[in-house]
1. Of the residues 339, 345, only one is touching a strand residue (DSSP E or B) at 6+ places or on another chain (Cβ under 7 Å) and surrounded by 15 or more Cβ atoms within 10 Å (Cβ to Cβ); which?
2. Within the range 118-160, work out how many residues are surrounded by 13 or more Cβ atoms within 10 Å (Cβ to Cβ), over 30 Å from residue 340 (Cα atoms) and modelled with pLDDT under 90.
3. Among the residues of the range 221-248, count how many are surrounded by fewer than 17 Cβ atoms within 10 Å (Cβ to Cβ) and either farther than 30 Å from residue 278 by Cβ or at pLDDT 95 or above (or both).
4. Going by what's in this entry, would residue 248 be described as closer than 28 Å to residue 421 by Cα, in the same structural domain as residue 317 (by TED's automatic domain parsing) and within 19 Å of the chain's Cα centre (by Cα)?
5. Confirm whether residue 325 is outside the structural domain of residue 91 (by TED's automatic domain parsing) and under 24 Å from residue 116 (Cα atoms).
6. Going residue by residue through the range 207-220, is there one that turns out to be assigned to a strand (DSSP E or B), out of contact with any helix residue (DSSP H, G or I) (no Cβ under 8 Å at 6 or more places or on another chain) and surrounded by fewer than 23 Cβ atoms within 10 Å (Cβ to Cβ)?
7. Quick one: which of 291, 302 is at pLDDT 90 or above and in a helix (DSSP H, G or I)?
8. For the range 414-439: of the residues being in a loop (DSSP other than H, G, I, E, B) and in contact with a strand residue (DSSP E or B) (Cβ under 9 Å, 6 or more places away or on another chain), which is nearest to residue 107 (Cα to Cα)?
């Protein structure tokens, strides 16, 4: 919601609460197929056959219709081949892609911002076919066995495939997915004893891994280079026990005077479990100088920075230098409403991957049962405070007391919700802006400085130990 008198256009927040025709039916068909994978498709029962039929019926009118109907029929008879499983995975991905497109179309209608051009499919190389076939074979065995039937013998079959794929740069993406998927399954073996199975998640990983075994599917081509000014909006920090990723959302203004566009720049690094909180920035800063500019509230001047069709900057410090001070809220009020949203590649069209930068103000906040909401004209928008990182000064209390917010509009659990990246609020009767990435470039905050020092000590000790091990 950006008032016109402040340079923006009115966001139709009320559109975010209206139903989307066909969305529930699409998700129901996906759920039915996902349940069929639980017990496996070696000897399908009636309920599993119904799930296969639901998937086939949902895509019957499209170009995949005939092929998926054939694959579903074979799977219902326990005779599906690897190619049949690929067809079923493609149908499932297409349905979730259609849900993604409907949801993002609604967001585009609400924000009124232009959309970027669809990415051109890359020219594909020819990665080793035998390794891709081996990966498909393992994934097909998983589908036949089902999540309830997994054991260590089956899951360990992925290890030699992953080991052979990792040295091939073109296969590193599917190799990493297979490796992580196999590790997750191994930690859950045997499947027969599981009290709860992550049905949607494992079906997501299975279908995506299967499609990434198709030649060229894993390629993310660089489509050009950009020169101009980068205006950061905020950073989304995602932490895992063994890794951390920072993704900076920003507006890019081309030097040639072209229309502004939304872009992203990110870095992901492994991390020891002893590094937490503000210490995470120490691991990320060497890989993304943009974080320092973000913490200091500055723009960056880019020259020939490589970029993908989806608006992801392939960050290289040699193509960037710090620019003038740039207030994120000024950018959000003035430039963001006219910036084009990036297009999304087919395999990345998934409802939970929606993360659209928006600027909201003029709302009131309310909280009940631990859930915070922004009340806007015609819409109560849930606030996802669980995504706020501990590595920054932005807290749920600050969000609840705010009057303006830069955030990512997401879709989760059947509704749109906003993840705050920064807010304007009042602290001790003084107006301040608090950013989730406020400590990205360093901090004088007592808690943040303490975490930074602890991280420095932990990393120093780990490096010394690693050095001794290497010398031995």
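1. Numbers: 345 fails: touching a strand residue (DSSP E or B) at 6+ places or on another chain (Cβ under 7 Å).
Exactly one residue qualifies, and that residue is 339.
2. Residues meeting the conditions: 2.
3. 6
4. Numbers: closer than 28 Å to residue 421 by Cα: yes; in the same structural domain as residue 317 (by TED's automatic domain parsing): yes; within 19 Å of the chain's Cα centre (by Cα): yes.
Against the criterion (closer than 28 Å to residue 421 by Cα, in the same structural domain as residue 317 (by TED's automatic domain parsing) and within 19 Å of the chain's Cα centre (by Cα)), residue 248 qualifies.
5. On the way: outside the structural domain of residue 91 (by TED's automatic domain parsing): yes; under 24 Å from residue 116 (Cα atoms): no.
So residue 325 fails the test.
6. Taking the range 207-220 and keeping what is assigned to a strand (DSSP E or B), we get none.
Checking the range 207-220: not a single residue is assigned to a strand (DSSP E or B), out of contact with any helix residue (DSSP H, G or I) (no Cβ under 8 Å at 6 or more places or on another chain) and surrounded by fewer than 23 Cβ atoms within 10 Å (Cβ to Cβ).
7. The conditions single out 291.
8. Of the residues in the range 414-439, the ones in a loop (DSSP other than H, G, I, E, B) are 414, 428-429, 436-439.
Filter again for in contact with a strand residue (DSSP E or B) (Cβ under 9 Å, 6 or more places away or on another chain), leaving 436-438.
Working: 436: 23, 437: 25, 438: 28 Å.
Selected residue: 436.
The values are calculated or read from the model by the stated rules, or taken from the named source; none is laboratory data. Being a predicted model, the structure only gives us computed values, none of them experimental. Methodologically, a virtual Cβ is constructed for each residue, glycine included, from the backbone with ideal geometry; neighbour enumeration extends over all protein chains shown.
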